[in-house]
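The values are calculated or read from the model by the stated rules, or taken from the named source; none is laboratory data. Computed from a predicted structure; not experimentally measured. All Cβ positions, even for glycine, are placed from backbone atoms using ideal geometry, and neighbour counts span all protein chains on display.
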Amino acid sequence: MNRRKAIISFITLGAGVGALYSGYRVFNWYKTPDWKYLDNHKGLLNELAEVIIPRTDSPGAKDVDAASIIIHLVHTCTRRVEQNTFIDGLKELETCATRNFRKPFMELDASERFSLVETFMQSGSENGGVIGKAKRKLTGRSFFTILKNYTIIAYCTSEKGVTQGLAYVHVPGRFAGCVPIDEQPRTWATK
């Protein structure tokens, strides 16, 4: 009799702890996002976007002010779960930078920034198949996936990105089917 009560007590305790933890996670996903934190870290977002699309002979993501578009997209075009994931990921990136390199992300050199972003990229890689699809449906995309997608959108829809970073012909004059192609052509800005 005592053994039966002990087993039932352990099962009940485990179910209660599991329910509390699940409730906390769900609350954390659907809480009101910390918009003040996101709006105050525009410079950090520009630096992160610059790591993804750096300046070369064409302008980088910082040159097109990708952070403004990223913040706007997170505010208006992202589900509540992903908004919280993005803001929490930004906070986690800052704490990882201070924990691993003893200085904030804005003071890191290029190689340290790249290694930190690469660890976030690897930790944010999404699973495929049915399990990955169900997880994305429930919890949304990862921080780095959202950042990368919105950085590309911000760059490819900006004037500098389209005219200087991508191949762009304002109004094509005629159709020329057989023309030599450059060895390293740019991606077309229009379809």
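A quick yes/no check of all residues on (1) out of contact with any strand residue (DSSP E or B) (no Cβ under 9 Å at 6 or more places or on another chain); (2) at pLDDT 90 or above; (3) within 18 Å of Tyr155 (Cβ to Cβ):
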residue: Asp34; (1), (2), (3): yes, no, no
residue: Leu48; (1), (2), (3): yes, yes, yes
residue: Ile53; (1), (2), (3): yes, yes, yes
residue: Ser68; (1), (2), (3): yes, yes, yes
residue: Ile87; (1), (2), (3): yes, yes, no
residue: Glu94; (1), (2), (3): yes, yes, no
residue: Phe105; (1), (2), (3): yes, no, no
residue: Ser125; (1), (2), (3): yes, no, no
residue: Leu138; (1), (2), (3): yes, no, no
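Considering only the stretch 29-51, state which residues are in contact (Cβ under 8 Å) with a residue 40 or more places away in the chain, assigned to a helix (DSSP H, G or I) and crowded, with 19+ Cβ neighbours inside 10 Å. It would help to see each step written out before you state the result.
Applying the first criterion (in contact (Cβ under 8 Å) with a residue 40 or more places away in the chain) to the stretch 29-51 yields 29-31, 33-35, 37-38, 41, 43-45, 47-49, 51.
If we keep only those that are assigned to a helix (DSSP H, G or I) as well, we get 29-30, 35, 37-38, 43-45, 47-49, 51.
Listed by number, the residues that qualify are Leu38, Leu45, Leu48, Ala49, Val51.
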